[in-house]
1. Quickly estimate the mean residue ellipticity at 222 nm for the chain, helices only: each DSSP H run with n ≥ 4 gives -39500 (n - 2.57), and the total goes over all residues, rounded to 500.
2. So which of Lys458/Lys501; Lys126/Lys490; Lys136/Lys156; Lys429/Lys490; Lys194/Lys514; Lys172/Lys194 end up more than 20 Å apart by C-alpha?
3. Accessible area of the chain with a 1.4 Å probe: how many percent of it is carbon plus sulfur?
4. Just name one of Leu344, Ser389, Gly208: the one whose Cα is farthest towards the positive end of the charge dipole of the chain (beta-carbon charges, Lys/Arg +1, Asp/Glu -1).
5. Assuming R0 = 60 Å, can you tell me the calculated FRET efficiency for the pair Leu327 and Asp29, based on Cβ-Cβ distance, to the nearest 0.05?
6. Treating the beta-carbon of each Lys and Arg as +1 and of each Asp and Glu as -1, no other charges, what is the dipole magnitude of the chain about its Cα centre, to the nearest 20 debye?
7. Is the shape of the stretch 375-519 rounded, prolate or oblate, going by the alpha carbon gyration tensor and its root eigenvalues a ≥ b ≥ c, with a/c under 1.5 for rounded and a/b larger than b/c for prolate?
8. Determine the sum of side-chain charges near Trp221: Lys and Arg each +1, Asp and Glu each -1, restricted to other residues whose C-beta is under 13 angstrom from that of Trp221.
Amino acid sequence: GCVLVVSVIEQLAQWHNSTVKAAVERLCDYIPGKYQIIRHIIDREMNADVVCHSLKLCKQDPGQPLCHLYPPPKREKHSPGLFHALTHAGQKHEITSKSFMGFSSVCAFPLLANLCEKIKYVIRNKLPFEDFDGDKFSNFPTLRGYHWRGRDCNDKNTTVYPGRRPDNWDVKSDSNCNGIWGVDPKDGIPYEEKFCKGAGSQGVVLLGDSAGAHFHIPPEWMTVTQMSAKSFANLPMAFTDELDWPQFSEITGFLNSTIGGWTDSLYLRLRRRNRCNHRDLQNISQNGMLTAYLSFSLARNQLLDNPAIVVYATIGNDVCNGNRDTLAHMTTPKEMLSNVVQALQYLDSHLPNGSHVILTGLVDGRFLWDNLHDRYHPLGQLNRDITYSQLYSFLNCLQVSPCSGWLTPNETLRNLTSERALQLSNVLKEIARSEKFANFDIFYMDFPLRQTAEEWRKMGGQPWQLIEPVDGFHPSQIAAALGTSITWQKALREWPQVLGKENPFNDQIEAIFKDQGGH
């Protein structure tokens, strides 16, 4: 974190031909007030690695290598470059490191302790922070609110929420929040009964990891040539959504993308197919989630709610970790079988009859190194001094790499990681072939990375554009949108029963909303 912030400050000073102090002030002016934390002067002659080590924000444990993002400073005569620079910096700048220490323990303040605990509970259990009636739906967007689940249209009534079957055909009020309620004055038939009865309404649920949650760090946050006050306007929202953007995601996205590309999702396509599916979505994903730790917060009542399509997609974390001995920490096929079957048994006890489950195979992450390793990272574009290979090595050194097995120059290790991913995908494929459950049928599909890349090439794009530019690891917005199209076409060809039939009343529903000034 320190290396990132100091790098941006130094590049701002360079780009605007200003002092470092002025650059710090400029960055703090860009960032919303309550997020301003750094106003310390940095010696412009030192790179970010040297500054952060000298401030004791970066450290070297005994027996561990000295981690650095930038190439070490050139050696002076008889002096190793980086070690000499650190010693020199430590003598000049025994400054202000104490002033940085309080921020990691902000939750120790009595007034904030309860709030912090509640936020931790929300993130850990994937439940809305603001949910007055306790039905697991909210009308607040972030902190696991309606960016993650369909928006609650009455947060004071636990029997009103997206996805339920209508109460008495919603004659008097909208019990399932799909916007369809009341009675047609022409014939006295409830709109919900007229338009949605027998339409096969169903929701969409994602059980996934950071890719499903759609992790994204805006590149303009660290690209000084693009940086302005507008660059950080979405900072509070991004932090309270855990740096995830589920509202634009491949499975549950429903808003027009503001982070590049376009939004296309399984939810939007199901909604277009049947307007009665409006708001029936749940994204139960979490950064770093493995199959072994899929703790469910599914909001589905077997007796009262509509069936759902559940997409089960942990596409990489079972082979991805930041450990030096990464292979020893990967999920084994035996563990995968046990974890997934246990999860499916849970779903069988909670999903309404007539639901569907789609198991998604793991990605082949060799695509990442092959397409990014020699390209410049956003932090390195100004001075052409940081490649993705350097970033991956830095994160591996710190043992915080999102995937040591794939983000490495070691081709043998990359191949072994992909072999394990294929083994785990085969477990999922066999489960879909052999296991039977009472309340849902089950399908398998490979993660469509190869097809996505081919489709993007046909559109004139480059493979590296399918990867998030800042972390160099997650699928980008373009990849998410193209993946939706490929998944949908496969479902239409091979499992049309999963998608349900097209509602013939869609145009009438939209026309009534338009006449009434709604949407």
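The values are calculated or read from the model by the stated rules, or taken from the named source; none is laboratory data. Quick caveat: nothing in here was measured; it's all calculated off a predicted structure. Here Cβ is always computed from backbone atoms with ideal geometry, including for glycine, and neighbour counts include all displayed protein chains. SASA here: full protein model, heavy atoms, side chains in, ligands and nucleic acids out. Shrake-Rupley method; radii C 1.70, N 1.55, O 1.52, S 1.80 Å.
1. -11000 deg cm²/dmol
2. Lys458/Lys501; Lys126/Lys490
3. Details: 13170 of 24450 Å².
Result for the chain: 54 percent of the exposed heavy-atom area is carbon or sulfur.
4. Toward the positive end, the furthest listed residue is Ser389.
5. Details: r = 47 Å, r/R0 = 0.78.
Step by step, r from the Cβ atoms, then E = 0.80.
6. 500 debye
7. In terms of gyration-tensor shape, oblate.
8. Details: positive: Lys230; negative: Glu220, Glu468, Asp471.
With Lys, Arg at +1 and Asp, Glu at -1, the neighbours total -2.
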